[in-house]
Amino acid sequence: MTSDLGRGTSWLVLALFVTVAFSSCTIVKKQSKAPTLLKTEDASQADLMKEVNRFASVTSLRAKMDLKFEDNSFAQFGSKEEYRTADGEVVVQRPANILLKVQVPVIKTDVAQMTSDGTTFRVAVLTCGGGSKCKKFIKGTNTADYSKLEKSLDESDIGNGTALKNVSSFVNLRPQHFTEALLVRPIDPAKVYVVSTIFQVEEDDTQAKKSPLHEVMRGYYLLDEFTKQTDGSLQIARRFWFDRVGGIRLARQQLFDAKAEIESDIVYGKQGNLSDTGNYNNLPLRIQVTRPKEKYTMSLTYQTPELVTVGKNYPAAAFVLQNTWGLDEVDLDQKLQQAAAGRTDAPNTNTAAHP
């Protein structure tokens, strides 16, 4: 009797469990909105490498551009500072030469001029909001780390606190940060390349929020470039992102340092034609460069793409800025040596009289 009662109870519990389970399935089964999966195109590794080399066919260019600067110093707190769009003139030439002029819109007053010959850089700060004392001519080496100088550059070097911040921004905004963004290096046969795929959920702000195309899942090819190390290991150097929707488009390039951390994150925008020659078509009209370590983002947009000069050869002297303004000079390499020796009292040199 007890055994029958126990079996009956067990069957009752089982029946209740099954009923609840099916009821729960009915309750939780509901239709919800998901990102729209976009159709992707296929390409071979050879096709992707060919596209990189097509970008690399631009050996030099000169253009008027809109420059938009964002300070990401407070990104960890969910905020950033956006600055007014400035006018810019850019001249770049392989292997790593660049001249960048920044002007106030409309009145065309120079804010700064800067050059890099691939090894060293020079920045002339001509307008900085801190009076004449913060106008400086800054020199340094591309590969040097000047982060230790932020505390050692005092008012005797730069001026007041506002001026220091402005000059530091220009020091961080080194011209060489934009050479590989504008002039993509070609495929190197000595490197190792690997292809993979990835899907990423993205929002398209040009579409209405209720549109099925506002939130989409977009497919990409990733082409990773590795450098062979002496011990046989591989070190990542670059990563190319190719948008696979509606064709194959180079959408992004990431550059890595020796620790495999991102140095530059470069996003390529809408494509169009550069120059009026018909030889440089389907190239990005907007380029966004993010430097995580320097905590800034700069967007460069061609003002008149058809007037861009491509392929002209410029003399090496064009990429070595001279202190024709007679500005007080700050030699960052010298300052770095002084900081290492615990000295910051050595006077600046002025090469206006001694170039």
Inset, instruction - Please list, ordered by first then second residue, the pairs with beta carbon atoms under 8 Å, 6 or more apart or interchain, first in region 172-198 and more than 26 Å from T115 (Cβ to Cβ) and in contact (Cβ under 8 Å) with a residue 40 or more places away in the chain, second among the aliphatic types (A, V, I, L, M) and part of a helix (DSSP H, G or I). - result: I187/M49; I187/V52; Y193/M49; V195/L48
Inset, instruction - Hand me the list of strands (runs of 3 or more DSSP E) wholly inside region 85-145 holding 3 or more residues that are modelled with pLDDT under 90. - result: 110-116
Legend entry - Any pair with Cβ under 6 angstrom, 6 or more apart, that starts in region 325-336 at a residue that is in a loop (DSSP other than H, G, I, E, B) and ends at one that is modelled with pLDDT of 90 or more: L327/F137
Inset, instruction - Return a yes/no flag: does region 288-310 have any residue that is within 17 Å of the chain's Cα centre (by Cα), on the phi > 0 side of the Ramachandran plot and in a loop (DSSP other than H, G, I, E, B). - result: yes
Legend entry - Selection within region 191-210 - outside any strand (DSSP E or B) and within 24 Å of V58 (Cβ to Cβ): K191
Legend entry - Exclusive hit being buried (at least 16 other Cβ atoms within 10 Å of the Cβ), farther than 14 Å from F55 by Cα and not assigned by TED's automatic domain parsing to the domain that holds G219, set V320, V310, V289: V320
Legend entry - Residues satisfying the stated conditions in region 325-341, i.e. among the hydrophobic types (A, V, I, L, M, F, W, C) and either surrounded by fewer than 16 Cβ atoms within 10 Å (Cβ to Cβ) or farther than 12 Å from K136 by Cβ (or both): W325, L336, A339, A340, A341
Legend entry - Which numbered condition S264 fails, given (1) among the hydroxyl-bearing types (S, T, Y); (2) within 18 Å of the chain's Cα centre (by Cα); (3) closer than 20 Å to T36 by Cα: (3)
Inset, instruction - Mind listing just one residue for me: the one in region 151-203 that is at pLDDT 50 or above and among the acidic types (D, E) and, of those, nearest to Q45 (Cα to Cα)? - result: D188
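Yes/no matrix, rows are residues, columns are (1) surrounded by 18 or more Cβ atoms within 10 Å (Cβ to Cβ); (2) of a type in the set (S, T, Y); (3) out of contact with any Phe, Trp or Tyr (no Cβ under 8 Å at 6 or more places or on another chain); (4) in the same structural domain as L100 (by TED's automatic domain parsing):
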residue	(1), (2), (3), (4)
L223	yes, no, no, no
T227	no, yes, yes, no
W241	yes, no, no, no
Q253	yes, no, no, no
E261	no, no, yes, no
Y268	yes, yes, yes, no
Q271	no, no, yes, no
Y280	yes, yes, yes, no
Legend entry - Residue check, D188 surrounded by 12 or more Cβ atoms within 10 Å (Cβ to Cβ), of a type in the set (D, E, K, R) and outside any strand (DSSP E or B): yes
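The values are calculated or read from the model by the stated rules, or taken from the named source; none is laboratory data. None of the values given here were measured: they were computed from a predicted structure. In this analysis, Cβ positions are derived from the backbone assuming ideal geometry, glycine residues included, and neighbour counts consider all displayed protein chains.
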